[in-house]
Amino acid sequence: MEQENVFNLDRNMKVHNFNAGPSVLPNEVLYKASKALIDFDGTGMSILEIGHRTEQFTAVMEEARSLTRELMQLDDDFEVLFLHGGATTEFMQVPMNLLDSGETAAYIDTGVWSNKAIKEAKQFGYVDVIASSKETNYHHIPKQFTVPQQAKYLHITTNNTIYGTQWQTIPDTDVPLIADMSSDILSRQMDFNRFALIYAGVQKNMGAAGATMVAVRKSMLGKVTRKIPSILDYRLHIENGSMLNTPPVFAVYITMLTLRWLKGQGGVAAIEKINNKKAALLYDEIDHNPLFRGNVVKEDRSRMNVTFTIDKPELEEEFLKFCKKEDIVGIKGHRLSGGFRASLYNALPLESVEVMVEAMKFFSLKKA
């Protein structure tokens, strides 16, 4: 225990990590993983060496799937998978499994990632983009749209990592609802059972890069007439317990540890309160600091990815250098949106946001 505390102290003194992903992980997860890299579960082998069909790793996979179901409170029709390929593969795999040739799916365009999903879906059927915020550089979530009753499903991206918007109210629709939750999965309470399929790259709130979580209703599958390559068929992954091929072993292990940590924090309800506090603190500074301003309409602001700019563009690089000196990393905005982006994922401590706010105040006093 003494060694763990020393590790945590050193880690806390290191940097304030606002990277958009891969992102900050809980200290205890890193500590346990570091031990498993040498000796996993007393096997005398590294977690990087363990056979994926061994009893020890099968237990890891099953616990990761079980904790996901528990934390999301999923009903019995759902299966949870951990797959390769990132959310980018799911842009293609979802319509391949759910959208038959000649059928139509509805999509809402709220940024780069939803746009990429739209592009991939067009290879498998018709796509009806029923709403878009592109004309305002994605600074809001569309409010006015109609979902066609004949649509096989409606696809949304619940949080937009690049532009900093988030669906605060999930659309109420009679057609099956599909969601890319890569950047806000398990960060806030919602009725996950309202969805037919949810996918998320785990490297922001659930674990380390390399695995993608898919929660899919079994009743949605097996309805298309096309032949689906085995490795892309959700039904085969379900039949094989997420081990149709060698899974991303280390990423799944980190995910399991992170889900254990989240449950230990009190689950999604508890982490949501902390996330709300972090976001409120940073947005309050942005709104009241004369040097900075937010990019997104207030009602659609993301609690995960806070995007903002500086009113004196010539100071942008200087502020980034100042933050680096203060051990604040990962706040440079995406190349498409510019400015700054602070990602406030589950494992980011409130203390890091407090340091960020103090840095903004100090810089503003010098430069405003």
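The values are calculated or read from the model by the stated rules, or taken from the named source; none is laboratory data. Quick caveat, the model's predicted, so the values are computed rather than measured. Positions of Cβ are backbone-derived with ideal geometry, glycine not excepted, and every protein chain shown enters the neighbour counts. When the accessible area is computed, the model is the full protein with side chains, heavy atoms only, and any ligands, DNA or RNA have been set aside. Shrake-Rupley method; radii C 1.70, N 1.55, O 1.52, S 1.80 Å.
Key figures for this structure:
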| quantity | calculated |
| --- | --- |
| Gained length - Lys119 relative to Val297, 0.36 nm times residue gap less alpha-carbon distance | 61.4 nm |
| Contour excess over end-to-end distance, with Cα ends at Ser46 and Lys273 and 0.36 nm allotted per residue | 78.1 nm |
| Zone of Ala59's modelled label, taken as backbone nitrogen in segment 233-267 under 18 Å from a point 7 Å along Cα→Cβ | 249-250, 252-261 |
| Partner lysines for Lys218 [C-alpha distance under 23 Å; skip if fewer than 8 residues away on the same chain] | Lys152, Lys227 |
| Pairwise label distance in nanometres, Gln189 with Gln265, each label 7 Å out on the Cα-Cβ vector | 1.6 nm |
| Where the Cα pairs of segment 242-368 fall when distances are cut into 5 Å bins, in % | 2, 9, 18, 20, 16, 12, 9, 7, 4, 2, 1, 0 |
| Protein accessible area in segment 201-258, 1.4 Å probe - carbon and sulfur % | 53 percent |
| Per residue solvent-accessible surface (Å²) - the chain, probe of 1.4 Å | 44 Å² |
| Hull volume in cubic angstrom per residue (convex hull over the Cα atoms of segment 74-230) | 110 Å³ |
| Estimated FRET transfer efficiency when R0 is 35 angstrom, pair Leu281-Gln149 (beta carbons, to 0.05) | 0.20 |
| Cα-based reach from Lys122 at 18 Å (exclusive), listing aspartates and glutamates while leaving out same-chain residues under 8 positions away | Glu90, Asp100, Glu103, Asp109, Asp180 |
| Theoretical FRET efficiency, 1/(1+(r/R0)^6), r = Cβ-Cβ of Gln168 and Tyr126, R0 30 Å, to 0.05 | 0.55 |
| Label-point separation, Glu317 to Thr225 (7 Å along Cα→Cβ), nm | 6.0 nm |
| Exceeding the 24 Å Cα-Cα cut-off - candidates Lys134/Lys361; Lys273/Lys367; Lys332/Lys367 | Lys134/Lys361; Lys273/Lys367 |
